[in-house]
Amino acid sequence: MLYFSDPSSLAHDPGELMPGHPESPARLVAIERRLAAADWLGWERRPAPAASVAELELVHTPRHVAAIRELSEAGGGAIDSETYDGPDSWRAAAHAAGGAAAMARALLAGEARAGFSAARPPGHHAEPERAMGFCLLDSIAVAAALAVAELGAARVLILDWDVHHGNGTEAIFRERDDVLPISIHQEGIWPGTGSAADVGADGAEGSTINLPVPEGSGRDVFLSLIDRVVAPVAGEFAPDLILISAGFDAHADDPLAGLALRSTDFGEMAVAVRALGAHLGAPVGAVLEGGYAPSALADSVAATLRALGGEGEPGTAPETAVATAAAERVARFWPAVES
Ligand SMILES: [Zn+2]
C-alpha cells in the first residue's frame, strides 16, 4: 500500500488571511502524527510530485490554471470569502494533484492494490474554471482523467463520501461516460448542488449519481448505500480503477456538518470498497478531501488505511429507507441495481 505526501501541503495556510480557517495545516499534522505513531501502518511512503500544467489542463481550463498560479506568485489573496490562494498555495495544490496522479499511475502499473494521497488543499469543489470551497485544483479529477487519457484505464469510478457534494468533480465529468462520479453527501447544506434528480448532462443520464442523505445519517445509511447502489453500479460499470474522494467531515464530531459517522464507520466503508475492488480486479486509491475535527480526522484516516490495507471483513449492510429509495431511482439507469 502506498501513501503519497509532500511538505508543500503544510505551507498552504488559509489562516494567514482568514483567521481560524478550518482547512488548516493542523489537519495534516494530526493525521501524520497518528500514522507515524503506528509506524505508518506498514504503508510505503512516497513523494507526491507536482502535477504538470498539461495534467492539470486535462480537467481545468488553461485560464483557470494560469490564474491560480499567477495569484499565488503575486503574493496570494482571497478568491472568495473562504477560499485562499496564498503565496505557497499554487505549489501545494500542484503537488496535491500530482500526488493523486502519481497514485493512479502506481496503482494502474500494478505496484500496489491500495493507495492514499494525503495532501492539501482539498480539490473536489474546484470546477473546470472556478476555485471554491477551499479547493483550487481538483486533484481526484486530474487522477481520473489521467488514468483514462494516458494510463490505459477504460473506466474510472469515483466514490465521494465527503459530507459536501463533489460539485467540481461532477462538473468536470458530467458529459463523459468513462468517469462515473457517485457522491454521498448531506442534503441541503453547502454548496447546495447534488440533488437526487441531478443524473448527468442531457444524453449522458445516469453518468452522474447523487445520493443525498438527511441530517443525522450515520453508519447504516452509508453502508446500505454502498451495498444497495454503489456496489451493483460498480459491477455493471466495471471500472479499471476505483478512487475515493475521502473527506471525513461526515464524522459526528465535525464542526461543519450534521452527520453521525464514527471513525470506525469509515473503516467499515473502506472495507466494503476494498472488497468491491478485489471482486472487480480494480485497485482502490483514496484522495484526502475535507474533515475539520483534527483528532476525529486522524482516527478516521487511520481506520481507512487499516481497512484498505486488508484489515477487517465486510459485514452485512442493513436495510435503510434512504438506500431503498436511492436504489429505485438509480435502477432506471443501472439495471444491475435491484429496485
Ligand atoms: Zn467537505
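We did not get these values from a lab; they are worked out from the coordinates using the rules stated. Only a predicted model underlies this, so the values are computations on that prediction, with no experimental measurement involved. Note: ideal-geometry Cβ built from the backbone for every residue, glycine included; neighbour counts use all protein chains shown.
Shown here are the Rg and Dmax of the Cα trace of the range 108-153, at 12.4, 34 Å. Of the options Ala131, Pro181, Phe116, report the single residue whose Cα projects farthest towards the positive end of the charge dipole of the range 112-194 (beta-carbon charges: Lys, Arg +1; Asp, Glu -1). It is Phe116.
Working value for the range 74-159: equivalent-ellipsoid semi-axes of 26, 13, 10 Å, each the square root of 5 times a Cα gyration tensor eigenvalue, largest first. Spatial offset of the range 174-190 relative to the range 17-53 amounts to 25 Å, using the alpha carbon center of each. Counted by neighbouring Cβ atoms within 10 Å, the residues Trp161, Trp190, Trp40 run from fewest to most as Trp40, Trp190, Trp161.
Please find the FRET efficiency linking Glu311 to Ala238, where r is the Cβ-Cβ separation and R0 is fixed at 22 Å, and quote it to the nearest 0.05. With a Förster radius of 22 Å, E is 0.25.
A simple charge model with +1 on the Cβ of Lys and Arg, -1 on the Cβ of Asp and Glu and nothing else charged puts the dipole of the range 120-276 at about 300 debye relative to its Cα centre. Going by neighbour counts of Cβ atoms within 10 Å, the residues Ile68, Ile158, Ile184 line up, fewest first, as Ile68, Ile158, Ile184.
Projected onto their three principal axes, the Cα atoms of the chain cover extents of 54, 46, 39 Å, largest first.
For the peptides 59-67, 89-97, 142-150, the ranking by packing is 89-97, 142-150, 59-67, with the highest mean count of neighbouring Cβ atoms within 10 Å listed first.
Counting other Cβ atoms within 10 Å as a rough exposure proxy, the listed residues Glu23, Glu44, Glu319 run Glu319, Glu44, Glu23 from fewest neighbours to most. Put a plus charge on the Cβ of each Lys and Arg, a minus charge on the Cβ of each Asp and Glu, and nothing anywhere else: the dipole of the chain about its Cα centre is then about 640 debye.
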